[in-house]
1. Summing Lys, Arg as +1 and Asp, Glu as -1, what charge do residues with Cβ under 11 Å from the Cβ of A:VAL101 carry, A:VAL101 excluded?
2. May I have the convex hull volume per residue, in Å³, for the Cα set of the protein assembly as shown?
3. Between B:PHE111, B:PHE42, B:PHE93, find the one with the highest GNM mean-square fluctuation for chain B; connect C-alpha pairs within less than 10 Å.
4. Could you list log10 I(q)/I(0) for chain B at q = 0.09, 0.13, 0.17 Å⁻¹, which the Debye formula gives when each Cα is one point scatterer?
5. What 222 nm value per residue comes from the helices of chain A, counting each DSSP H run with n ≥ 4 as -39,500 (n - 2.57) and dividing by all residues, nearest 500 deg cm²/dmol?
6. Tell me the Rg and the Dmax, in Å, that the Cα atoms of chain A produce.
7. Helix check for chain B. Which DSSP H runs span at least 20 Å along their own axis by Cα, with a mean Kyte-Doolittle hydropathy no less than 0.5?
8. Expressed in nm², what is the orientationally averaged projection area of the convex hull enclosing the Cα positions of the range B:164-228?
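The values are calculated or read from the model by the stated rules, or taken from the named source; none is laboratory data. Everything numeric here is computed off the predicted structure, so don't read it as measured data. Cβ sites come from the backbone with ideal geometry, for glycine too, and all protein chains shown count toward neighbours. For the accessible areas, the whole protein counts, side chains as well, though only heavy atoms, and no ligand, DNA or RNA atoms are used. Shrake-Rupley method; radii C 1.70, N 1.55, O 1.52, S 1.80 Å.
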Amino acid sequence: MSVLLKNVSYIYGKGSSEEKLALRDINLEIRQNEFAAVVGHTGSGKSTLIQLLNGLEKAESGEIFFHGKNIYDKDFSMKMLRSKVGLVFQYPEHQLFESTVVKDVAFGPSNMGWEQLKVELSTFGALKDVGIGEELFDVSPLALSGGQKRRVAIAGVLAMEPEILVLDEPMAGLDPASRKEIFELLKKLHRERKITVLLVSHSMEDVAEYASRVIVMNQGQIVLDGEPRKVFRYEKELSKIGLGVPQATSLMHFLAEQGVAVEDDCLTVQESISAILKWLK
Amino acid sequence: MIRNITIGQYYAADSVVHRLDPRVKVIGTLVYIVSLFLFNNFWGYAVAAGCFCAVTVVSKVPFSYIVRGLKPVFFMLVFTALLNLFWTPGTVFFQLGPVELTWEGLRKAFFLSVRLIFLILGSSLMTLTTTPNQLTNALEKLLAPLCHLHVPVHEIAMMMSIALRFIPILVEETDRIMKAQMARGADFESGNVIQRLRNMLPILVPLFVSAVRRANDLALAMDARCYHGGSGRTKMHPLRYQGRDFAAYLLCIAYCVLLYASVTYLPVL
(Lines give C-alpha, C1' and ligand atoms only; values in the text may rest on other atoms or scores of the structure.)
Protein backbone atom coordinates (compact mmCIF):
# COMPACT_ATOMS: atom_id res chain seq x y z
CA MET A 1 0.00 0.00 0.00
CA SER A 2 1.40 3.40 -0.83
CA VAL A 3 -1.45 5.92 -0.84
CA LEU A 4 -4.81 5.37 0.76
CA LEU A 5 -7.75 7.77 0.66
CA LYS A 6 -10.49 7.25 3.22
CA ASN A 7 -13.89 8.93 2.91
CA VAL A 8 -12.34 11.99 1.31
CA SER A 9 -14.59 14.91 0.35
CA TYR A 10 -13.59 18.24 -1.11
CA ILE A 11 -15.58 21.43 -1.54
CA TYR A 12 -14.56 23.78 -4.32
CA GLY A 13 -14.77 27.54 -3.71
CA LYS A 14 -15.63 27.19 -0.05
CA GLY A 15 -17.18 30.25 1.49
CA SER A 16 -18.07 31.83 -1.84
CA SER A 17 -21.47 31.88 -3.49
CA GLU A 18 -20.45 29.11 -5.88
CA GLU A 19 -19.71 26.33 -3.43
CA LYS A 20 -19.56 22.98 -5.15
CA LEU A 21 -18.89 19.52 -3.83
CA ALA A 22 -15.99 18.50 -6.09
CA LEU A 23 -15.30 15.14 -4.47
CA ARG A 24 -17.66 13.15 -2.30
CA ASP A 25 -16.67 10.31 -0.06
CA ILE A 26 -13.78 8.96 -2.11
CA ASN A 27 -12.19 5.68 -1.01
CA LEU A 28 -9.21 4.76 -3.08
CA GLU A 29 -5.97 2.88 -2.75
CA ILE A 30 -3.05 3.47 -5.07
CA ARG A 31 -0.92 0.36 -4.78
CA GLN A 32 2.81 0.20 -5.18
CA ASN A 33 4.10 -0.22 -8.73
CA GLU A 34 0.73 0.23 -10.39
CA PHE A 35 0.17 1.89 -13.74
CA ALA A 36 -3.24 3.39 -13.21
CA ALA A 37 -5.28 5.80 -15.30
CA VAL A 38 -7.96 8.20 -14.08
CA VAL A 39 -10.59 9.01 -16.67
CA GLY A 40 -13.63 11.24 -16.40
CA HIS A 41 -15.51 14.07 -17.99
CA THR A 42 -14.29 17.66 -17.50
CA GLY A 43 -15.27 18.73 -14.00
CA SER A 44 -15.58 15.20 -12.68
CA GLY A 45 -13.01 15.90 -9.98
CA LYS A 46 -9.92 14.26 -11.52
CA SER A 47 -7.63 17.27 -11.15
CA THR A 48 -8.77 17.89 -7.58
CA LEU A 49 -8.17 14.25 -6.75
CA ILE A 50 -4.59 14.26 -7.95
CA GLN A 51 -3.85 17.53 -6.17
CA LEU A 52 -5.02 15.99 -2.91
CA LEU A 53 -2.47 13.22 -3.28
CA ASN A 54 0.51 15.49 -2.68
CA GLY A 55 -1.17 17.91 -0.33
CA LEU A 56 -1.58 20.87 -2.71
CA GLU A 57 -5.27 20.88 -1.89
CA LYS A 58 -6.61 19.90 1.48
CA ALA A 59 -9.59 17.61 1.84
CA GLU A 60 -12.67 19.00 3.54
CA SER A 61 -13.17 15.75 5.40
CA GLY A 62 -11.64 12.32 5.38
CA GLU A 63 -8.09 11.10 5.69
CA ILE A 64 -5.21 10.40 3.34
CA PHE A 65 -2.45 7.99 4.30
CA PHE A 66 0.97 7.82 2.70
CA HIS A 67 2.73 4.59 3.64
CA GLY A 68 0.35 4.31 6.55
CA LYS A 69 0.97 7.82 7.90
CA ASN A 70 -1.81 10.39 7.94
CA ILE A 71 -0.63 13.31 5.79
CA TYR A 72 -2.77 15.76 7.77
CA ASP A 73 -0.88 14.99 11.00
CA LYS A 74 0.97 17.99 12.35
CA ASP A 75 4.41 16.40 12.22
CA PHE A 76 3.99 15.07 8.68
CA SER A 77 6.40 16.69 6.26
CA MET A 78 4.61 18.05 3.20
CA LYS A 79 7.96 18.69 1.54
CA MET A 80 8.81 15.01 1.78
CA LEU A 81 5.35 14.11 0.44
CA ARG A 82 5.76 16.42 -2.54
CA SER A 83 9.04 14.84 -3.49
CA LYS A 84 7.70 11.31 -3.05
CA VAL A 85 4.48 12.03 -4.94
CA GLY A 86 5.71 13.88 -8.02
CA LEU A 87 2.92 15.80 -9.70
CA VAL A 88 3.21 16.85 -13.34
CA PHE A 89 0.53 19.39 -14.19
CA GLN A 90 -1.21 19.83 -17.49
CA TYR A 91 1.06 21.66 -19.95
CA PRO A 92 3.98 21.42 -17.49
CA GLU A 93 6.25 23.24 -19.95
CA HIS A 94 4.46 26.46 -18.94
CA GLN A 95 6.22 26.36 -15.58
CA LEU A 96 9.79 26.36 -16.96
CA PHE A 97 11.57 29.49 -15.80
CA GLU A 98 15.32 29.05 -15.38
CA SER A 99 17.96 30.24 -17.82
CA THR A 100 19.20 26.75 -18.67
CA VAL A 101 17.67 23.29 -18.88
CA VAL A 102 19.93 21.91 -16.13
CA LYS A 103 19.15 24.72 -13.70
CA ASP A 104 15.43 24.29 -14.26
CA VAL A 105 15.50 20.55 -13.64
CA ALA A 106 17.63 21.10 -10.53
CA PHE A 107 15.01 23.44 -9.03
CA GLY A 108 13.01 20.63 -7.43
CA PRO A 109 15.94 18.69 -5.94
CA SER A 110 17.58 21.85 -4.57
CA ASN A 111 14.31 22.77 -2.87
CA MET A 112 14.49 19.39 -1.16
CA GLY A 113 17.62 20.64 0.58
CA TRP A 114 19.80 17.88 -0.83
CA GLU A 115 23.55 18.30 -1.05
CA GLN A 116 25.05 19.56 -4.28
CA LEU A 117 26.34 16.21 -5.51
CA LYS A 118 23.02 14.47 -5.03
CA VAL A 119 21.20 17.34 -6.75
CA GLU A 120 23.49 17.08 -9.77
CA LEU A 121 23.30 13.31 -9.95
CA SER A 122 19.52 13.24 -9.84
CA THR A 123 19.28 16.13 -12.32
CA PHE A 124 21.50 14.48 -14.90
CA GLY A 125 19.87 11.13 -14.25
CA ALA A 126 16.39 12.55 -14.85
CA LEU A 127 17.47 14.33 -18.04
CA LYS A 128 18.99 11.11 -19.30
CA ASP A 129 15.80 9.22 -18.46
CA VAL A 130 13.65 11.55 -20.52
CA GLY A 131 16.13 11.41 -23.38
CA ILE A 132 17.45 14.98 -23.35
CA GLY A 133 21.02 14.90 -24.67
CA GLU A 134 23.95 16.75 -23.16
CA GLU A 135 24.02 19.23 -26.05
CA LEU A 136 20.77 20.71 -24.70
CA PHE A 137 21.82 20.99 -21.05
CA ASP A 138 22.88 24.62 -21.23
CA VAL A 139 20.22 25.79 -23.66
CA SER A 140 17.37 28.00 -22.46
CA PRO A 141 14.34 25.77 -21.90
CA LEU A 142 12.24 28.28 -23.83
CA ALA A 143 14.29 27.62 -26.97
CA LEU A 144 13.35 23.94 -27.10
CA SER A 145 10.64 22.32 -29.20
CA GLY A 146 7.25 21.51 -27.67
CA GLY A 147 8.01 17.84 -27.08
CA GLN A 148 11.44 18.61 -25.64
CA LYS A 149 10.00 21.23 -23.29
CA ARG A 150 7.44 18.74 -22.05
CA ARG A 151 10.16 16.17 -21.40
CA VAL A 152 12.34 18.70 -19.56
CA ALA A 153 9.37 19.64 -17.39
CA ILE A 154 8.74 15.98 -16.58
CA ALA A 155 12.44 15.60 -15.78
CA GLY A 156 12.03 18.49 -13.32
CA VAL A 157 9.63 16.34 -11.32
CA LEU A 158 11.50 13.07 -11.87
CA ALA A 159 14.67 14.64 -10.48
CA MET A 160 13.04 14.69 -7.05
CA GLU A 161 13.09 10.89 -7.27
CA PRO A 162 9.41 10.32 -6.62
CA GLU A 163 7.95 6.94 -5.77
CA ILE A 164 4.69 7.86 -7.39
CA LEU A 165 4.49 9.90 -10.56
CA VAL A 166 1.15 11.60 -11.09
CA LEU A 167 0.57 13.18 -14.49
CA ASP A 168 -2.36 15.33 -15.59
CA GLU A 169 -2.87 14.69 -19.30
CA PRO A 170 0.83 14.49 -20.14
CA MET A 171 0.04 14.02 -23.83
CA ALA A 172 -2.24 17.01 -24.38
CA GLY A 173 -1.27 19.11 -27.37
CA LEU A 174 1.63 16.92 -28.53
CA ASP A 175 2.14 15.41 -31.95
CA PRO A 176 1.84 11.62 -32.29
CA ALA A 177 5.62 11.06 -32.24
CA SER A 178 6.05 13.02 -29.00
CA ARG A 179 3.04 11.28 -27.47
CA LYS A 180 4.64 7.95 -28.16
CA GLU A 181 7.93 9.12 -26.66
CA ILE A 182 6.24 10.22 -23.47
CA PHE A 183 4.34 6.97 -23.18
CA GLU A 184 7.44 4.88 -23.78
CA LEU A 185 9.18 6.97 -21.12
CA LEU A 186 6.40 6.28 -18.60
CA LYS A 187 6.45 2.58 -19.46
CA LYS A 188 10.20 2.45 -18.98
CA LEU A 189 10.06 4.29 -15.63
CA HIS A 190 7.33 1.98 -14.48
CA ARG A 191 9.12 -1.19 -15.55
CA GLU A 192 12.73 -0.38 -14.70
CA ARG A 193 12.45 2.03 -11.79
CA LYS A 194 9.36 0.46 -10.26
CA ILE A 195 7.76 3.89 -10.12
CA THR A 196 4.03 3.91 -9.53
CA VAL A 197 2.34 5.87 -12.32
CA LEU A 198 -1.02 7.55 -12.03
CA LEU A 199 -2.18 9.25 -15.16
CA VAL A 200 -5.13 11.41 -16.09
CA SER A 201 -6.03 10.88 -19.71
CA HIS A 202 -8.78 11.45 -22.20
CA SER A 203 -7.54 8.96 -24.73
CA MET A 204 -9.13 5.59 -24.08
CA GLU A 205 -6.81 3.99 -26.63
CA ASP A 206 -3.77 5.08 -24.65
CA VAL A 207 -5.35 3.98 -21.39
CA ALA A 208 -6.20 0.58 -22.84
CA GLU A 209 -2.71 0.10 -24.17
CA TYR A 210 -0.67 1.19 -21.19
CA ALA A 211 -2.62 1.16 -17.93
CA SER A 212 -3.18 -1.88 -15.78
CA ARG A 213 -6.02 -0.20 -13.90
CA VAL A 214 -8.68 2.32 -14.86
CA ILE A 215 -10.43 4.56 -12.36
CA VAL A 216 -13.56 6.17 -13.81
CA MET A 217 -14.85 9.33 -12.15
CA ASN A 218 -18.14 11.09 -12.54
CA GLN A 219 -19.47 14.07 -10.57
CA GLY A 220 -16.92 13.75 -7.81
CA GLN A 221 -17.31 10.03 -7.30
CA ILE A 222 -15.49 6.92 -8.45
CA VAL A 223 -18.01 4.95 -10.50
CA LEU A 224 -15.82 2.19 -11.94
CA ASP A 225 -12.43 0.88 -10.91
CA GLY A 226 -10.62 -2.10 -12.30
CA GLU A 227 -8.63 -3.61 -15.13
CA PRO A 228 -9.21 -1.92 -18.49
CA ARG A 229 -10.64 -5.11 -19.94
CA LYS A 230 -13.28 -5.25 -17.23
CA VAL A 231 -14.05 -1.53 -17.13
CA PHE A 232 -14.46 -1.18 -20.88
CA ARG A 233 -17.18 -3.85 -20.88
CA TYR A 234 -19.48 -1.16 -19.56
CA GLU A 235 -19.66 0.75 -22.81
CA LYS A 236 -23.25 1.90 -22.33
CA GLU A 237 -22.69 3.09 -18.79
CA LEU A 238 -19.54 4.92 -19.84
CA SER A 239 -21.22 6.67 -22.73
CA LYS A 240 -23.95 7.84 -20.36
CA ILE A 241 -21.37 9.86 -18.44
CA GLY A 242 -19.80 11.23 -21.60
CA LEU A 243 -16.96 8.74 -21.94
CA GLY A 244 -16.15 6.19 -24.58
CA VAL A 245 -14.23 2.98 -24.92
CA PRO A 246 -11.37 2.29 -27.35
CA GLN A 247 -12.68 2.14 -30.91
CA ALA A 248 -11.49 -1.44 -31.32
CA THR A 249 -13.47 -2.44 -28.23
CA SER A 250 -16.49 -0.54 -29.45
CA LEU A 251 -16.38 -2.36 -32.79
CA MET A 252 -16.26 -5.75 -31.10
CA HIS A 253 -19.18 -4.84 -28.84
CA PHE A 254 -21.11 -3.83 -31.95
CA LEU A 255 -20.31 -7.12 -33.72
CA ALA A 256 -21.35 -9.10 -30.66
CA GLU A 257 -24.61 -7.19 -30.51
CA GLN A 258 -25.28 -8.04 -34.14
CA GLY A 259 -25.06 -11.67 -33.19
CA VAL A 260 -21.52 -12.34 -34.35
CA ALA A 261 -19.93 -14.82 -31.99
CA VAL A 262 -16.58 -13.06 -31.41
CA GLU A 263 -14.71 -12.49 -28.17
CA ASP A 264 -15.76 -8.95 -27.40
CA ASP A 265 -13.33 -7.92 -24.67
CA CYS A 266 -10.57 -6.78 -27.00
CA LEU A 267 -8.69 -3.60 -26.18
CA THR A 268 -6.39 -2.97 -29.11
CA VAL A 269 -6.69 -3.16 -32.87
CA GLN A 270 -4.32 -6.11 -32.87
CA GLU A 271 -6.50 -8.06 -30.46
CA SER A 272 -9.60 -7.30 -32.49
CA ILE A 273 -7.97 -8.51 -35.67
CA SER A 274 -7.03 -11.83 -34.15
CA ALA A 275 -10.47 -12.22 -32.58
CA ILE A 276 -12.15 -11.62 -35.95
CA LEU A 277 -9.74 -13.94 -37.76
CA LYS A 278 -10.47 -16.59 -35.16
CA TRP A 279 -14.19 -16.20 -35.77
CA LEU A 280 -13.74 -16.38 -39.58
CA LYS A 281 -11.98 -19.69 -39.25
CA MET B 1 -5.58 30.55 -2.64
CA ILE B 2 -5.01 33.45 -4.97
CA ARG B 3 -8.16 33.04 -7.03
CA ASN B 4 -10.20 34.50 -4.18
CA ILE B 5 -8.96 37.95 -5.16
CA THR B 6 -11.68 40.04 -6.73
CA ILE B 7 -10.71 42.84 -9.04
CA GLY B 8 -13.30 44.96 -10.72
CA GLN B 9 -15.50 43.59 -7.89
CA TYR B 10 -18.85 43.84 -9.63
CA TYR B 11 -21.76 43.03 -7.32
CA ALA B 12 -24.60 41.61 -9.37
CA ALA B 13 -28.02 42.84 -8.30
CA ASP B 14 -31.15 44.10 -9.94
CA SER B 15 -31.50 47.75 -9.05
CA VAL B 16 -32.08 51.10 -10.70
CA VAL B 17 -28.48 52.04 -10.03
CA HIS B 18 -27.25 48.93 -11.84
CA ARG B 19 -29.47 49.65 -14.83
CA LEU B 20 -28.39 53.29 -15.19
CA ASP B 21 -26.38 54.23 -18.24
CA PRO B 22 -22.74 53.83 -17.20
CA ARG B 23 -22.00 57.35 -18.47
CA VAL B 24 -24.35 58.74 -15.83
CA LYS B 25 -22.55 56.80 -13.14
CA VAL B 26 -19.10 57.91 -14.30
CA ILE B 27 -20.10 61.57 -14.47
CA GLY B 28 -22.07 61.32 -11.23
CA THR B 29 -19.08 59.83 -9.44
CA LEU B 30 -16.79 62.51 -10.83
CA VAL B 31 -19.16 65.24 -9.70
CA TYR B 32 -19.37 63.63 -6.28
CA ILE B 33 -15.60 63.34 -5.90
CA VAL B 34 -14.95 66.89 -7.03
CA SER B 35 -17.70 68.18 -4.75
CA LEU B 36 -15.98 66.60 -1.75
CA PHE B 37 -12.99 68.87 -2.24
CA LEU B 38 -14.85 72.12 -2.71
CA PHE B 39 -15.82 72.84 0.86
CA ASN B 40 -14.50 72.59 4.38
CA ASN B 41 -17.67 72.48 6.33
CA PHE B 42 -19.38 69.95 8.53
CA TRP B 43 -22.83 70.39 6.95
CA GLY B 44 -21.42 69.69 3.53
CA TYR B 45 -20.14 66.34 4.68
CA ALA B 46 -23.45 65.52 6.28
CA VAL B 47 -25.15 66.12 2.92
CA ALA B 48 -22.50 64.10 1.08
CA ALA B 49 -22.86 61.23 3.53
CA GLY B 50 -26.63 61.32 3.37
CA CYS B 51 -26.71 61.23 -0.41
CA PHE B 52 -24.17 58.42 -0.49
CA CYS B 53 -26.26 56.34 1.92
CA ALA B 54 -29.41 56.98 -0.11
CA VAL B 55 -27.80 55.82 -3.35
CA THR B 56 -26.33 52.77 -1.61
CA VAL B 57 -29.72 51.72 -0.26
CA VAL B 58 -31.27 52.08 -3.71
CA SER B 59 -28.42 50.10 -5.28
CA LYS B 60 -29.09 47.06 -3.05
CA VAL B 61 -25.35 46.57 -2.51
CA PRO B 62 -24.75 45.54 1.13
CA PHE B 63 -22.85 48.16 3.13
CA SER B 64 -20.30 45.55 4.23
CA TYR B 65 -19.31 45.07 0.59
CA ILE B 66 -18.64 48.75 0.06
CA VAL B 67 -16.77 49.18 3.32
CA ARG B 68 -14.51 46.29 2.26
CA GLY B 69 -13.11 48.65 -0.38
CA LEU B 70 -11.55 50.71 2.42
CA LYS B 71 -9.38 47.87 3.70
CA PRO B 72 -6.46 48.19 1.28
CA VAL B 73 -6.15 51.95 1.79
CA PHE B 74 -6.64 51.85 5.52
CA PHE B 75 -2.95 52.42 6.30
CA MET B 76 -2.67 55.29 3.88
CA LEU B 77 -5.69 56.86 5.57
CA VAL B 78 -4.21 56.54 9.04
CA PHE B 79 -0.86 57.78 7.80
CA THR B 80 -2.21 60.96 6.18
CA ALA B 81 -4.41 61.64 9.17
CA LEU B 82 -1.45 61.36 11.54
CA LEU B 83 0.76 63.54 9.34
CA ASN B 84 -1.85 66.28 9.36
CA LEU B 85 -2.51 65.84 13.03
CA PHE B 86 1.09 66.33 14.12
CA TRP B 87 2.49 68.73 11.54
CA THR B 88 -0.13 71.43 11.30
CA PRO B 89 0.81 74.67 13.06
CA GLY B 90 -1.85 76.49 15.10
CA THR B 91 -3.23 76.72 18.63
CA VAL B 92 -1.70 73.98 20.72
CA PHE B 93 -4.03 72.09 23.05
CA PHE B 94 -1.78 69.19 23.99
CA GLN B 95 1.95 68.97 24.32
CA LEU B 96 4.29 66.12 25.21
CA GLY B 97 7.96 66.91 24.65
CA PRO B 98 8.42 67.83 21.00
CA VAL B 99 4.98 66.49 20.04
CA GLU B 100 2.30 69.15 19.68
CA LEU B 101 -1.36 68.68 18.88
CA THR B 102 -3.25 71.64 17.48
CA TRP B 103 -6.96 72.28 16.97
CA GLU B 104 -6.25 73.13 13.36
CA GLY B 105 -4.42 69.85 12.92
CA LEU B 106 -7.26 67.88 14.43
CA ARG B 107 -9.77 69.58 12.18
CA LYS B 108 -7.62 69.09 9.09
CA ALA B 109 -6.96 65.45 9.86
CA PHE B 110 -10.65 64.79 10.38
CA PHE B 111 -11.78 66.52 7.20
CA LEU B 112 -9.08 64.92 5.11
CA SER B 113 -9.93 61.41 6.33
CA VAL B 114 -13.62 61.97 5.73
CA ARG B 115 -12.89 63.22 2.23
CA LEU B 116 -10.69 60.26 1.38
CA ILE B 117 -13.17 57.80 2.85
CA PHE B 118 -16.06 59.15 0.81
CA LEU B 119 -13.88 59.37 -2.28
CA ILE B 120 -13.12 55.67 -2.02
CA LEU B 121 -16.64 54.70 -1.01
CA GLY B 122 -18.13 56.68 -3.89
CA SER B 123 -15.89 55.14 -6.50
CA SER B 124 -16.33 51.63 -5.10
CA LEU B 125 -20.07 52.07 -5.33
CA MET B 126 -19.61 52.84 -9.02
CA THR B 127 -17.39 49.82 -9.71
CA LEU B 128 -19.69 47.60 -7.67
CA THR B 129 -22.71 48.50 -9.75
CA THR B 130 -21.05 48.75 -13.17
CA THR B 131 -19.37 45.90 -15.00
CA PRO B 132 -15.84 46.67 -16.25
CA ASN B 133 -17.08 46.38 -19.83
CA GLN B 134 -19.82 48.92 -19.29
CA LEU B 135 -17.27 51.17 -17.73
CA THR B 136 -14.92 51.06 -20.71
CA ASN B 137 -17.89 51.59 -23.03
CA ALA B 138 -18.84 54.67 -21.09
CA LEU B 139 -15.29 56.02 -21.14
CA GLU B 140 -15.00 55.43 -24.86
CA LYS B 141 -18.22 57.31 -25.48
CA LEU B 142 -17.42 60.13 -23.06
CA LEU B 143 -13.93 60.64 -24.43
CA ALA B 144 -15.05 60.40 -28.06
CA PRO B 145 -14.73 64.18 -28.64
CA LEU B 146 -11.00 63.84 -27.99
CA CYS B 147 -10.77 61.96 -31.29
CA HIS B 148 -10.69 65.34 -32.97
CA LEU B 149 -7.47 66.04 -31.11
CA HIS B 150 -6.06 62.78 -32.52
CA VAL B 151 -6.28 60.99 -29.20
CA PRO B 152 -6.74 57.25 -30.00
CA VAL B 153 -9.82 56.91 -27.78
CA HIS B 154 -11.10 53.67 -29.27
CA GLU B 155 -7.69 52.02 -28.99
CA ILE B 156 -7.34 53.10 -25.37
CA ALA B 157 -10.77 51.72 -24.56
CA MET B 158 -9.94 48.48 -26.38
CA MET B 159 -6.71 48.14 -24.43
CA MET B 160 -8.59 48.71 -21.20
CA SER B 161 -11.19 46.07 -21.92
CA ILE B 162 -8.55 43.58 -23.01
CA ALA B 163 -6.58 44.25 -19.83
CA LEU B 164 -9.70 43.73 -17.73
CA ARG B 165 -10.57 40.57 -19.63
CA PHE B 166 -7.12 39.18 -18.95
CA ILE B 167 -7.13 39.73 -15.19
CA PRO B 168 -9.12 36.60 -14.27
CA ILE B 169 -7.17 34.55 -16.82
CA LEU B 170 -3.83 35.62 -15.43
CA VAL B 171 -5.01 35.12 -11.85
CA GLU B 172 -5.93 31.56 -12.72
CA GLU B 173 -2.64 31.09 -14.49
CA THR B 174 -0.74 32.40 -11.46
CA ASP B 175 -2.60 29.96 -9.28
CA ARG B 176 -1.65 27.09 -11.57
CA ILE B 177 2.01 28.04 -11.84
CA MET B 178 2.20 28.54 -8.08
CA LYS B 179 0.84 25.07 -7.48
CA ALA B 180 3.15 23.57 -10.09
CA GLN B 181 6.18 25.12 -8.40
CA MET B 182 4.93 24.11 -4.97
CA ALA B 183 4.72 20.56 -6.32
CA ARG B 184 8.45 20.93 -6.99
CA GLY B 185 9.06 21.95 -3.41
CA ALA B 186 9.01 25.73 -3.85
CA ASP B 187 8.27 27.63 -0.67
CA PHE B 188 6.56 31.01 -0.85
CA GLU B 189 5.84 31.51 2.82
CA SER B 190 9.16 31.59 4.67
CA GLY B 191 12.33 33.66 4.55
CA ASN B 192 12.98 37.40 4.73
CA VAL B 193 11.75 39.96 2.22
CA ILE B 194 14.65 39.55 -0.22
CA GLN B 195 14.39 35.77 -0.13
CA ARG B 196 10.66 35.93 -0.65
CA LEU B 197 11.08 38.20 -3.65
CA ARG B 198 13.67 35.80 -5.07
CA ASN B 199 11.25 32.95 -4.47
CA MET B 200 8.70 34.74 -6.63
CA LEU B 201 10.91 34.36 -9.72
CA PRO B 202 9.71 30.85 -10.54
CA ILE B 203 6.19 32.32 -10.73
CA LEU B 204 6.94 35.62 -12.44
CA VAL B 205 9.02 34.30 -15.33
CA PRO B 206 6.46 31.72 -16.51
CA LEU B 207 3.69 34.25 -15.95
CA PHE B 208 5.34 36.84 -18.20
CA VAL B 209 6.09 34.23 -20.83
CA SER B 210 2.49 33.13 -20.83
CA ALA B 211 1.18 36.70 -20.88
CA VAL B 212 3.27 37.47 -23.96
CA ARG B 213 2.18 34.25 -25.61
CA ARG B 214 -1.47 35.00 -24.94
CA ALA B 215 -1.08 38.55 -26.22
CA ASN B 216 0.43 37.20 -29.44
CA ASP B 217 -2.38 34.71 -29.86
CA LEU B 218 -4.99 37.35 -29.25
CA ALA B 219 -3.41 39.75 -31.74
CA LEU B 220 -3.42 37.00 -34.36
CA ALA B 221 -7.03 36.11 -33.61
CA MET B 222 -8.07 39.77 -33.93
CA ASP B 223 -6.16 40.09 -37.19
CA ALA B 224 -7.79 36.94 -38.50
CA ARG B 225 -11.17 38.54 -37.87
CA CYS B 226 -10.15 41.69 -39.72
CA TYR B 227 -9.95 44.01 -36.74
CA HIS B 228 -8.64 47.31 -38.03
CA GLY B 229 -9.21 49.77 -35.23
CA GLY B 230 -12.14 51.95 -34.35
CA SER B 231 -13.13 53.66 -37.58
CA GLY B 232 -16.47 52.47 -38.87
CA ARG B 233 -16.91 50.02 -36.04
CA THR B 234 -20.41 49.67 -34.58
CA LYS B 235 -21.52 48.28 -31.26
CA MET B 236 -23.87 45.43 -30.51
CA HIS B 237 -25.39 47.29 -27.57
CA PRO B 238 -24.84 51.00 -28.20
CA LEU B 239 -25.31 53.24 -25.18
CA ARG B 240 -28.54 55.22 -25.31
CA TYR B 241 -29.88 57.55 -22.64
CA GLN B 242 -33.32 56.75 -21.24
CA GLY B 243 -35.74 58.53 -18.96
CA ARG B 244 -34.15 57.27 -15.76
CA ASP B 245 -30.74 58.51 -16.90
CA PHE B 246 -32.02 62.08 -17.30
CA ALA B 247 -33.70 61.77 -13.91
CA ALA B 248 -30.34 60.70 -12.45
CA TYR B 249 -28.64 63.73 -13.99
CA LEU B 250 -31.31 65.94 -12.43
CA LEU B 251 -30.64 64.31 -9.06
CA CYS B 252 -26.96 65.06 -9.52
CA ILE B 253 -27.76 68.73 -10.06
CA ALA B 254 -30.11 68.67 -7.08
CA TYR B 255 -27.26 67.25 -4.98
CA CYS B 256 -24.97 70.09 -6.04
CA VAL B 257 -27.59 72.70 -5.22
CA LEU B 258 -28.34 71.14 -1.85
CA LEU B 259 -24.65 71.00 -1.07
CA TYR B 260 -24.11 74.61 -2.05
CA ALA B 261 -27.09 75.72 0.00
CA SER B 262 -26.04 73.80 3.11
CA VAL B 263 -22.48 75.09 2.94
CA THR B 264 -23.52 78.67 2.32
CA TYR B 265 -26.62 79.20 4.47
CA LEU B 266 -26.22 76.93 7.48
CA PRO B 267 -24.11 78.18 10.40
CA VAL B 268 -20.44 77.24 10.08
CA LEU B 269 -19.40 74.34 12.30
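1. Values: positive: A:LYS103, A:LYS149, A:ARG151; negative: A:GLU98, A:ASP104, A:GLU134, A:GLU135, A:ASP138.
Every neighbour counted, the sum reads -2.
2. Roughly 250 Å³ of hull volume per residue.
3. Of the options given, B:PHE93 has the highest mean-square fluctuation.
4. -0.63, -1.09, -1.31
5. Here the helix-only value at 222 nm equals -11500 deg cm²/dmol.
6. Values for chain A (Cα only, Rg and Dmax): 20.3, 66 Å.
7. B:22-36, B:42-59, B:103-129, B:153-183, B:193-224, B:243-265
8. Values: hull surface 22.1 nm².
Its Cα hull, projected and averaged over all orientations, spans 5.5 nm².
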